[in-house]
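Worksheet: one structure, shown below.
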Amino acid sequence: MEKAVLTCALTGVLTDPRMHPVPVTPAQMASEARDAFNAGASIMHVHLRKQEDGMGHLPCWDPDVAETVVHAIRAACPGVIINLSTGVLGADIAGPAACIRRVRPEIAACNAGTLNYLKIKEDGTWAWPPMVFDNPVEKIQRFIDVMNETGTHPEFECFDVGIVRSVGMYLKSGMTKTIEYNFVMGVASGMPADNDLLQLLLRWIEPGNAWQTTLIGRSDIWPVHQKTAELGGMLRTGLEDTFYLPDGSRANGNGPLIEALARCAQHAGRSIASPAEARQMLGLAE
């Protein structure tokens with residue numbers, strides 16, 4: 001079976017560093033990336049945070065911050081592949097577009113469809129006000145255009161089954177020349193992290209294209225990581241996605257999470273791809 005490409009999602013979009021061990025500063029991002037890199041991750045999925053005191057829980061689209069963070073990660077992890085987050089609400093994509101143009105990441109997330117982003121608490125109240133994560137086709141096309149301009153490979157984030165099927169339409173319509181699927185499973189109003197569903201999803205992707213799972217949850221997500229490894233997908237985890245190791249204990253950083261992910265690949269009889277091998281497998285520039 002093909003070697004396993006491991007991605008580390010270092011920090012996420014809103015997790016408060018005062019409550020959880022997520023990196024924020026360039027030095028922290030580089031340190032966490034190095035631990036994940038040494039554990040086998042060849043791709044770093046990067047969210048940017050505000051750098052001012054007390055503001056590290058908020059997203060940032062300052063190209064100077066992007067450049068500093070990405071430079072620090074690349075210096076700490078020779079040959080690493082950068083995957084830049086791009087998710088924004090509304091039609092204005094100027095912030096993420098500016099960051100893509102500044103750092104020219106090898107990969108960037110491209111949210112592939114609209115989702116009612118919801119979560120309900122045990123008492124029946126909303127965990128946050130119901131919101132729409134809006135990704136209409138016109139917005140997606142503008143992101144693809146920026147990525148084509150910078151030679152950046154789009155990774156299509158799929159939160160639901162209909163979005164998975166839409167990605168094939170983007171290819172057939174000529175919106176994009178390349179596709180890579182990321183099945184985001186575990187968001188409360190999206191696809192659940194479920195082994196049976198994962199196997200069904202593979203019926204609905206365009207043949208011959210790379211795919212991975214992003215699994216949001218606690219220790220219950222690890223059997224789905226194992227199934228991903230067995231089915232030949234790329235693997236991703238990190239403090240953006242979970243704080244919990246397979247035994248239910250809390251991870252104190254990204255390194256232990258990637259170590260556990262590498263074990264999933266190894267249990268499936270797959271070795272871990274180096275950054276150079278991952279670049280070749282995904283058709284990325286050296």
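The values are calculated or read from the model by the stated rules, or taken from the named source; none is laboratory data. Just so we're clear, the structure is a prediction, and the values are computed from it rather than from any experiment. No Cβ is skipped: glycine too gets one built from the backbone with ideal geometry, and neighbour counts run over all protein chains shown. Just so you know, the surface numbers come from the protein's heavy atoms only, side chains and all, with ligands and any DNA or RNA stripped out. Shrake-Rupley method; radii C 1.70, N 1.55, O 1.52, S 1.80 Å.
Test of understanding: in a Gaussian network model of the chain with alpha carbons linked when under 10 Å, which of 124, 162, 113 would top the mean-square fluctuation ranking? Result for the chain, Cα springs under 10 Å: 124 fluctuates most.
Largest GNM mean-square fluctuation across 269, 253, 208, computed for the chain with C-alpha springs under 10 Å, falls on 208. Comparing 258, 4, 140 along the charge dipole axis of the chain, the residue lying farthest to the positive side is 4, per the Cβ-charge model.
For region 37-102, what does the alpha-carbon gyration tensor say about shape, rounded, prolate or oblate, given a ≥ b ≥ c as the root eigenvalues, a/c under 1.5 as rounded, and a/b over b/c as prolate? The shape class here is prolate. When the chain is treated as a GNM with alpha-carbon contacts under 10 Å, the residue of 266, 199, 212 showing the greatest mean-square fluctuation is 199. Here the chain exposes an accessible surface that is 53 percent carbon and sulfur, computed with a 1.4 Å probe and the other protein chains kept in place.
Of the residues 216, 198, 25, the one whose Cα sits farthest toward the positive end of the charge dipole of the chain, with +1 on the Cβ of Lys and Arg and -1 on the Cβ of Asp and Glu, is 198. The length gained on full extension between residue 197 and residue 132, counted as 0.36 nm times the residue separation minus their Cα-Cα distance, comes to 21.0 nm.
Please give the contour-minus-distance gain from residue 27 to residue 101: 0.36 nm per residue of separation, less the Cα-Cα distance, rounded to one decimal in nm.
Details: separation 74, 0.36 × 74 = 26.64 nm, distance 2.24 nm.
So the chain would gain 24.4 nm between residue 27 and residue 101.
Applying 1/(1 + (r/R0)^6) with r as the Cβ-Cβ distance of residue 189 and residue 266 and R0 = 30 angstrom yields a FRET efficiency of 0.35.
Taking the Cβ-Cβ separation of residue 67 and residue 123 as r and a Förster radius of 41 Å, what is the calculated FRET efficiency to the nearest 0.05? Write down the numbers at each step before the final one.
Working: r = 45 Å, r/R0 = 1.09.
The computed FRET efficiency comes out at 0.40.
Evaluated with a Cβ-only charge set (Lys, Arg +1; Asp, Glu -1), the chain carries a dipole of roughly 320 debye about its Cα centre, given to the nearest 20.
Tell me, what is the per residue accessible area of region 241-286 in Å², probe radius 1.4 Å? Accessible surface, normalised per residue, equals 46 Å².
Computed from the C-beta positions of residue 173 and residue 18 and an R0 of 41 Å, the FRET efficiency is 0.35 to the nearest 0.05.
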